[in-house]
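K.L.:
Starting off with a structure, shown below.
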Amino acid sequence: MRFYINVLLFSFLLAVASCASNNEKKKEKVENEVSQKEPEKVEKQNNIIFFGNSLTAGYGVESEEAFAGLTQKRLDSLGFEYNVINAGVSGETTASGLSRVEWVVKRQPVDIFVLELGGNDGLRGIKPEETDKNLRAIIDKVRSIHPEVKILLAGMMVPPNMGQAYAEEFQKIFPQIAEDKNVNLIPFLLKDVGGEAELNLPDGIHPTPEGHKIVAETVWENLKPLL
């Protein structure tokens, strides 16, 4: 009887061992199959940050009517996997932009950085050398955080009532920075819009929805080669 029990016990243990061995083989087979599979491709959506003042923010119009919003629509319609982030703040100067930029660009990856600042500096009569210094510092700050970023600098002009000498000195800032810092340049963001009453709000500074469509075309001409 004892012998019979021992035989049964031995048979049971043998069956358990065999089952465990089979499970191990199945597990090893599954792991091998998983390891041999191609890794799933994850679609990457790159970020384009529009960093500027009320022009970028779309003062007086709906966000989707501003040139940043129109750029997102165009990217989507053409199948470009880019996400436009509108980081425009009304009243922003180059000085306040410099103090804010690190917080903005550290929050997410940045593929393209569109820098639209300086207009409020000009309207306030801030010394051009101060504007120049701040814009260069913003570019350096962005690159220090995202070394591979592509930067597009939006050139600006000031009204002639600021004085001819000041206007000329101010206008020279942007192409000089673009050359020195090796960034792409929009010669004049408000081309064909600035000074055109029917394309601007009553304040004569901020574009209407129709004005923003023209600005969006100007931006696109310079942005498209960077995509």
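The values are calculated or read from the model by the stated rules, or taken from the named source; none is laboratory data. Just so it is clear, the structure is predicted and the values come from calculations on it, not from any experiment. Cβ placement follows ideal geometry from the backbone for every residue including glycine, while neighbour counts extend to all protein chains displayed. We work out accessible area using only protein heavy atoms, side chains counted, and drop any ligands, DNA or RNA first. Shrake-Rupley method; radii C 1.70, N 1.55, O 1.52, S 1.80 Å.
K.L.:
Principal axis extents for the stretch 43-85, Cα atoms only, whole Å, descending order, please.
P.N.:
Dimensions of the stretch 43-85 along the principal axes of its Cα atoms: 35, 19, 9 Å.
K.L.:
Oh, and also: With +1 assigned to the C-beta of every Lys and Arg and -1 to the C-beta of every Asp and Glu, and no other charges, what is the dipole magnitude of the stretch 130-176 about the Cα centre in debye, to the nearest 20?
P.N.:
Numbers: 6 positive and 6 negative charges, 38 e Å.
Using only the charged Cβ atoms, the result is roughly 180 debye.
K.L.:
Turning to a different aspect of this structure: So how exposed is LYS181, as accessible area in Å² (1.4 Å probe, rounded to 10)?
P.N.:
50
K.L.:
How far apart, in nm, are two points set 7 Å out from the Cα along the Cα-to-Cβ line at LYS172 and at ALA137?
P.N.:
With each label placed 7 Å out from Cα toward Cβ, I get 2.3 nm.
K.L.:
What FRET efficiency comes out for the pair GLU210/ASP76, r = Cβ-Cβ distance, R0 = 22 Å, nearest 0.05? Walk me through the numbers on the way to the answer.
P.N.:
Numbers: r = 21 Å, r/R0 = 0.96.
The pair GLU210/ASP76 has a calculated efficiency of 0.55.
K.L.:
With point charges of +1 on the Cβ of Lys and Arg and -1 on the Cβ of Asp and Glu, referenced to the Cα centre of the stretch 147-227, which listed residue (PRO160, PRO207, LEU226) lies farthest in the positive direction of the dipole?
P.N.:
LEU226
K.L.:
Could you give the length gained by full extension between GLU179 and GLN164, i.e. 0.36 nm per residue of separation minus their alpha carbon distance, to one decimal place?
P.N.:
3.0 nm
K.L.:
So who's got an amide H within less than 5 Å of the one on ILE205, skipping anything under 5 residues away but keeping other chains? H placed 1.01 Å off N, in plane.
P.N.:
none
K.L.:
What do the square roots of 5 times the Cα gyration tensor eigenvalues come to for the stretch 72-227, in whole Å, largest first, as semi-axes of the equivalent ellipsoid? Walk me through the intermediate numbers first.
P.N.:
Details: eigenvalues 114, 88, 38 Å².
Whole-Å semi-axes of the equivalent ellipsoid: 24, 21, 14.
K.L.:
Further question: Give me, ordered by chain and number, the residues 5 or more places off GLY155 or on other chains with an amide H under 5 Å from its own placed amide H.
P.N.:
ILE186, PHE188, LEU189
K.L.:
Calculate the spin-label point distance for GLU102 paired with ILE145, positioning each point 7 Å from the Cα along the beta-carbon direction, and give it in nanometres.
P.N.:
Taking the two extended label points, one gets 0.9 nm.
K.L.:
List the GluC sites (Glu not before Pro) within the stretch 100-156 that DSSP assigns to loop and that have no more than 16 neighbouring Cβ atoms inside 10 Å. List each step's numbers first, then the result.
P.N.:
Details: sites: GLU102, GLU116, GLU129, GLU130, GLU148; in loops: GLU148.
Qualifying residues, ordered by number: GLU148.
K.L.:
More than 20 angstrom separation, counting every C-alpha pair in the stretch 106-194; what % is that? Intermediate values should be presented prior to the final figure.
P.N.:
Values: 1339 of 3916 pairs.
For the stretch 106-194, the share of Cα pairs beyond 20 Å comes to 34 percent.
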